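The values are calculated or read from the model by the stated rules, or taken from the named source; none is laboratory data. Given the structure is predicted, the values throughout are model-derived calculations rather than measurements. All Cβ positions, even for glycine, are placed from backbone atoms using ideal geometry, and neighbour counts span all protein chains on display. When the accessible area is computed, the model is the full protein with side chains, heavy atoms only, and any ligands, DNA or RNA have been set aside. Shrake-Rupley method; radii C 1.70, N 1.55, O 1.52, S 1.80 Å.
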Amino acid sequence: MGDEHNASPRSPWASWRLRIRAESEDAPRTGESEDAPRTVIRGAGILVGRDLALTSAHVLPHQDAVVQVEFPEYEYVPGGGSVPPVPARPAEGGQPRGPGGQDRDIVLLALDRTPEHARPARLSLATPYPGRKVWIGGYPEYRDRGLWLHAQVAGPSQGLLELHPLDGGDSVRPGFSGAAVIDDSGPDGDGAAEGGAVLGMIVSRYGDPEGSGVQQELHRSYMIPVERIVDLLPQLRGLPAGVRAHDASLSAPRERPPAPGSSGSRLERRLERWLTADATLPRPGVLLVATGGVGQREARVRQFLESTDVALDATGLGAGRLAGEIASRLGLPGRHGRALLEWLTEEHGSPPGLSSTSHDPVDDAARSSGLSRLARLSPTIGVYGLDLAAEPYESINVLRRLRRTGCRVCVVCRHDDGGVWRQLLTRLQNPELRKTAGELLDTLRELEHGARHRPSPYGTPAPEVVTARALRLAGTGQVPDPDQQHLGLRTLVRELYADIAGHGTE
């Protein structure tokens with residue numbers, strides 16, 4: 001674990017890391033004067049803005065308590081030095097209203113002042129996906145200069161995320177409540193460094209709140225994601241160094257609102273048809289839309305994305321980060337979530353039979369059952385801004401693999417030109433339309449076969465169209481331009497639906 005500071009592999013000194021004390025008659029005397037206040041470490045905190053800090057609500061001895069906020073690492077940052085404790089109290093509107101469980105165990109503190117060179121933490125809306133590695137920095141009494149723990153996200157648990165220590169390491173204990181959980185995976189991850197992204201905050205460990213350590217060998221701890229914190233304390237959105245969301249209105253998990261009405265524009269009707277697909281007939285599982293980036297079309301598509309089961313903004317994301325965000329938001333528990341993440345990021349193989357490469361191996365049975373569950377649910381996934389992703393071509397591979405799990409995917413680009421759009425057509429949208437057209441042809445072929453063997457009131461059987469449609473489908477494969485191929489396939493699919501409807505099945 002290291003010596004006095006238990007440093008992480010990256011520089012641990014971050015002026016936004018806070019240690020919180022409160023007066024206690026049970027605390028040992030630390031000063032020479034009998035009148036000197038006795039204090040104990042109550043937990044940790046995160047500086048999120050000028051004179052504003054975030055911590056766990058149960059760190060406070062009582063709801064309106066005044067606590068002492070210390071900057072134990074300020075002396076190590078450029079321009080810093082030793083500073084006295086700063087009084088702090090709950091900020092106005094800094095506690096979530098209404099009843100709730102541990103997922104509301106947060107409080108925003110108003111500090112009397114902030115040291116000149118202290119910099120607020122950089123918060124991230126990215127919800128850590130199962131298997132993601134993180135660092136946790138707290139201040140237990142026996143190592144009050146700071147202790148770093150390396151952990152891994154196990155999965156969701158009653159509105160929180162459960163964390164397990166890595167490599168048989170130490171576990172969260174009193175003094176870690178309110179501690180930051182810091183990214184340690186991917187290009188954004190700066191570990192515990194000053195610029196590291198804070199993904200959430202520790203609120204409890206197994207055996208809390210009394211700290212009895214019951215079954216402490218399980219080493220469980222729990223965090224509130226920043227995403228949930230910002231939902232409960234929306235004033236955090238306006239902080240100068242506050243949440244760096246790709247787009248909070250799209251990225252936050254949400255209850256699914258009603259789909260747009262069918263009386264809108266042609267685009268809106270197309271979006272609604274895809275979202276409310278009739279399961280009795282084959283429907284394309286991929287929808288590709290370009291918005292132009294401005295105007296009513298952009299607004300309508302963004303509103304539509306709020307009706308999908310999962311929506312996220314891919315702008316600036318790498319392929320691995322995109323896969324992690326999708327796996328996290330789908331919310332498969334524990335090993336099933338890790339199985340999905342492995343499948344989305346593997347380069348070869350098939351969903352039920354991949355070999356595991358994770359630190360905590362996922363067996364084939366877990367992978368198969370997790371992916372089978374997705375296939376049954378067939379959730380709709382909205383991905384906005386793929387043409388502005390950091391790794392757009394690699395991200396297309398992630399979406400192709402996501403589609404093979406049974407998820408239905410809507411991909412939104414700003415522009416319908418350029419290499420990314422053409423690759424989306426070639427590798428994702430057009431193959432999906434071709435597959436749907438083939439399945440519709442099979443349905444039409446069965447209907448026409450039945451019609452030829454039924455008496456006709458007109459004395460002659462209905463004309464056969466399936467052969468002509470099949471020839472057109474084969475012909476689309478000879479069209480070199482993906483845009484023209486896309487147009488031909490969309491037209492053919494639309495006509496096949498009309499053909500089938502003419503047999504009275506739709």
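Hey, can you rank 466-477, 317-328 by average C-beta count inside 10 Å, highest first? Before the final figure, lay out each step's value.
Working: 466-477: 14.4, 317-328: 23.9.
Top of the packing list down: 317-328, 466-477.
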>> Given R₀ = 51 Å, what would the calculated FRET efficiency be for residue 237 paired with residue 442, taking r from the Cβ atoms and rounding to 0.05?
In response: 0.50
> Sequence-distant or interchain residues sharing an amide H contact under 5 Å with residue 286, placed H: which?
Replying inline: 409
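Work out, step by step, the length gained on full extension between residue 503 and residue 303: first 0.36 nm times the residue separation, then minus their alpha carbon distance; give nm to one decimal.
In short, 68.4 nm is gained.
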> Tell me, what is the FRET efficiency for residue 89 and residue 394 to the nearest 0.05, using R0 = 51 angstrom and their Cβ-Cβ distance as r?
Replying inline: 0.60
> Points 7 angstrom from Cα along the Cβ direction at residue 265 and residue 145: gap in nanometres?
Replying inline: 6.3
>> I'd like the accessible area for residue 443: 1.4 Å probe, protein heavy atoms, all chains in place, Å² to the nearest 10.
In response: 40
>> If R₀ is 51 angstrom, what is the calculated FRET efficiency for the pair residue 468 and residue 97, using the beta carbon separation as r and rounding to 0.05?
In response: 0.20
> What whole-number value in Å² describes the accessible area per residue of the stretch 396-450 for a 1.4 Å probe?
Replying inline: 39
